[in-house]
Ligand code: RB5
């Protein structure tokens, strides 16, 4: 398993600890930095991890920033990336079971280290369920002008709420 890691100055501490945990398990790590607390811009690190996973250079990615949010937004700009910012184990399971998340986003400022270890374990141990979830994850990369026009038309017609809201979480 090859894992791409990236973090800004508010996340590099956890990023380095995660790298060590995963290396001890025999995973191959591609570390895009950053490596100290000199302020840097989180988008660059989210893009780098996203590109590594989308291109197949890495199987999975983990990104860390202060909140998990900015670096997740950046990673999700890369076509092919399904990056999930997560804070607790069940949402991490769902991110894998339902969304086939290929990048995990973590917060160094808001999440304790013990929880981080649990979230990382769940991320690697939980399979994607496929089935009815597969065509939904595929739709994530179909958003272009044609899809946008369809969505706007559906919204105008009041069709989206009834047609697309899941009746049941599972
Ligand atoms: C850096 O101060 C902080 O804004 C960044 O790490 C992240 O939380 C942004 O979303």
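Here are some notes:
- Residues located in segment 58-109, provided they are within 9 Å of the ligand (Cβ to nearest atom), surrounded by fewer than 16 Cβ atoms within 10 Å (Cβ to Cβ) and not in a helix (DSSP H, G or I): 109
- Sole exception among (1) more than 13 Å from the chain's Cα centre (by Cα); (2) part of a helix (DSSP H, G or I); (3) surrounded by 21 or more Cβ atoms within 10 Å (Cβ to Cβ) for residue 43, by number: (3)
- Sole exception among (1) within 14 Å of the chain's Cα centre (by Cα); (2) more than 15 Å from the ligand (Cβ to nearest atom); (3) surrounded by 21 or more Cβ atoms within 10 Å (Cβ to Cβ) for residue 54, by number: (3)
- Which listed residue, of 13, 80, 70, 56, is out of contact with any strand residue (DSSP E or B) (no Cβ under 7 Å at 6 or more places or on another chain) and free of Cβ contacts under 8 Å to residues at least 12 places away in the same chain: 56
- Flag if residue 36 is modelled with pLDDT of 95 or more, under 21 Å from residue 109 (Cα atoms), surrounded by fewer than 17 Cβ atoms within 10 Å (Cβ to Cβ) and touching a helix residue (DSSP H, G or I) at 6+ places or on another chain (Cβ under 8 Å): yes
The values are calculated or read from the model by the stated rules, or taken from the named source; none is laboratory data. Predicted model, so just to flag it, every value in this text is computed and none were measured. Glycine gets a Cβ as well: all are built from the backbone with ideal geometry, and neighbour counts include every protein chain shown.
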